[in-house]
1. Being touching a strand residue (DSSP E or B) at 6+ places or on another chain (Cβ under 7 Å), on the phi > 0 side of the Ramachandran plot and not polar (S, T, N, Q): is that true of Leu110 here?
2. Can you name the residue in region 54-86 that is farther than 17 Å from Ile121 by Cα and touching a Ser or Thr at 6+ places or on another chain (Cβ under 8 Å) and, of all such residues, is modelled with the lowest pLDDT?
3. Residue by residue through region 75-121, note down the ones that are of a type in the set (Ser, Thr, Tyr) and not in a loop (DSSP other than H, G, I, E, B).
4. With the requirement that a residue be surrounded by fewer than 18 Cβ atoms within 10 Å (Cβ to Cβ), assigned to a strand (DSSP E or B) and modelled with pLDDT under 95, what does region 124-151 give you?
Amino acid sequence: MRLNKRTKLLILAACTIIVITILVPVIGKIGNSKFAYELVNYLRGYSVVIDNQSDYDIVSIETGIETSSTLGESTEGLTKDTFEQMIKSKETKRITPNLSLSGRVGSVYLKYIDSRGNTTIKTVCSYTESLSGHSKVIITNSNVKVEEKCY
């Protein structure tokens, strides 16, 4: 059976109303910037923002996975990744380490060396099951602050 133009137009209008009725609440929820931000961070891989507020350049950065072995010993660096670019003083960079998690859970550490030769190791994600989310590392002359939101 062929439909005339008017029937096709009515069907299109009805479908449009149904889709809008369903999508408006969903879009409203996604439109909430916090929800959308968290969803995007969960779906993309794990990343670290390094904010170097110190007076020294960061010359070497290593990230890696720490897990507990069956004997309860820490096994640092099961997988690790090196960021090859220098982060100059007062510069901020986002890195996405190429890591893989074997087993159910782990944590992510960051090890960096500054231009004085000082080495610092800090846990930047204390618990992860899926290596997703992000951490922000703020490096100053006197300390390192970590804000983590990892899953």
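The values are calculated or read from the model by the stated rules, or taken from the named source; none is laboratory data. Because the structure is a prediction, the values reported are computed rather than measured. FYI the Cβ positions are ideal-geometry reconstructions off the backbone, even for glycines, and counts take in every protein chain you see.
1. Values: touching a strand residue (DSSP E or B) at 6+ places or on another chain (Cβ under 7 Å): yes; on the phi > 0 side of the Ramachandran plot: no; not polar (S, T, N, Q): yes.
Considered against the rule, which asks whether it is touching a strand residue (DSSP E or B) at 6+ places or on another chain (Cβ under 7 Å), on the phi > 0 side of the Ramachandran plot and not polar (S, T, N, Q), Leu110 comes out as no.
2. Per the stated criteria, the residue is Ser69.
3. Hits for region 75-121 are Thr75, Thr79, Thr82, Thr92, Ser107, Tyr109, Tyr112, Thr119, Thr120.
4. Of everything in region 124-151, those that are surrounded by fewer than 18 Cβ atoms within 10 Å (Cβ to Cβ), assigned to a strand (DSSP E or B) and modelled with pLDDT under 95 turn out to be Ser126, Tyr127, Ser132, Lys149.
Conditions tested, residue by residue: (1) within 16 Å of Lys136 (Cα to Cα); (2) more than 15 Å from the chain's Cα centre (by Cα).
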| position | (1), (2) |
| --- | --- |
| Met86 | no, yes |
| Ser100 | no, no |
| Lys111 | yes, yes |
| Ser115 | no, yes |
